[in-house]
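One structure is given below, encoded as structure tokens.
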Amino acid sequence: MKFETTRFAGARLIVPDRARDARGYFMRTYCAREFEAEGLETGFVQHSTSFSARRGTVRGMHWQAAPHGEVKVVRCLKGAIVDVIVDIDPNSRTYRAWQAFELSADNEYQLYIPKGFAHGFQTLTDDVLVGYLISEFYAPDAARGARHDDTAFGIEWPLAVTEMSDKDRGWPDF
């Protein structure tokens with residue numbers, strides 16, 4: 001795996017190394033030693049999956065409040081997404097800045113999202129499957145969010161929104 005830096009301290013785009021032969025390829029998607037060598041979280045207590053049927057679906061922007069902040073490693077298993085993270089740490093030099101990453105079943109990139117970031121994505125294709133490694137157990141009372149179109153962030157989504165949960169539409173201004 002290659003760990004590429006992003007505009008944010010601690011966030012990484014993880015690019016796979018594929019060992020190819022006549023059968024196809026093999027690749028590692030997680031290795032505690034490699035994550036530890038990069039100074040990244042290695043303890044993941046949940047592995048979750050989301051499915052979105054329609055192109056243009058938005059999920060997010062989500063995070064868990066302290067002390068339940070979570071690290072996520074996100075991977076698109078089927079289809080393609082634009083994955084967006086926003087720095088929500090008021091002590092950070094990149095506070096309220098955002099960055100987008102295309103994750104797809106074809107490129108097999110993963111996004112490592114540290115604590116202190118809001119996270120969401122938009123599907124670029126129909127029938128999208130996204131997998132998440134998560135470092136903390138879900139704490140419903142700590143669940144937080146902001147609207148995908150919150151002017152505090154100014155995220156530029158690539159497509160018109162076709163689907164979104166009522167909960168995501170109803171998040172307050174950041």
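The values are calculated or read from the model by the stated rules, or taken from the named source; none is laboratory data. Predicted model, so just to flag it, every value in this text is computed and none were measured. Positions of Cβ are generated from backbone atoms using ideal geometry, with glycine treated the same way; all protein chains shown enter the neighbour counts.
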Exercise. Any idea which of Thr49, Thr29, Thr42, Thr5 is closer than 14 Å to Leu133 by Cα and without any contact (Cβ under 8 Å) to a residue 24 or more places away in the chain?
Worked result: Thr42
Exercise. Of all residues in region 35-66, which are surrounded by fewer than 22 Cβ atoms within 10 Å (Cβ to Cβ), of a type in the set (Gly, Ala, Ser) and part of a strand (DSSP E or B)?
Worked result: Ser48, Ser50
Problem set entry | Matching residues in region 5-51 - criterion: being more than 18 Å from the chain's Cα centre (by Cα) and of a type in the set (D, E, K, R) | Asp17, Arg18, Arg20, Asp21, Arg23, Arg28, Arg33, Glu34, Glu36, Glu38
For this session: Just give me the residues in region 147-174 being of a type in the set (S, T, N, Q) and either modelled with pLDDT under 95 or within 19 Å of Gln64 (Cα to Cα) (or both), in sequence order.
Result: Ser165
For this session: Read through the list (1) under 16 Å from the mean Cα position of the chain (by Cα); (2) closer than 19 Å to Asp87 by Cα; (3) aliphatic (A, V, I, L, M), then give the number of the only condition that Leu129 fails.
Result: (2)
Problem set entry | Residue count, region 88-140 (criterion: over 17 Å from Met61 (Cβ atoms), outside any loop (DSSP other than H, G, I, E, B) and without any contact (Cβ under 8 Å) to a residue 60 or more places away in the chain) | 3
Problem set entry | Residue match in region 100-120 (condition: crowded, with 17+ Cβ neighbours inside 10 Å and more than 14 Å from the chain's Cα centre (by Cα)) | no
For this session: State yes or no: is Gly69 surrounded by fewer than 11 Cβ atoms within 10 Å (Cβ to Cβ), assigned to a loop (DSSP other than H, G, I, E, B), small (Gly, Ala, Ser) and touching a residue at least 12 places away in the same chain (Cβ under 8 Å)?
Result: no
For this session: Would you mind stating whether Asp127 is modelled with pLDDT of 95 or more, touching a Gly at 6+ places or on another chain (Cβ under 7 Å), more than 17 Å from Leu13 (Cα to Cα) and not hydrophobic (A, V, I, L, M, F, W, C)?
Result: yes
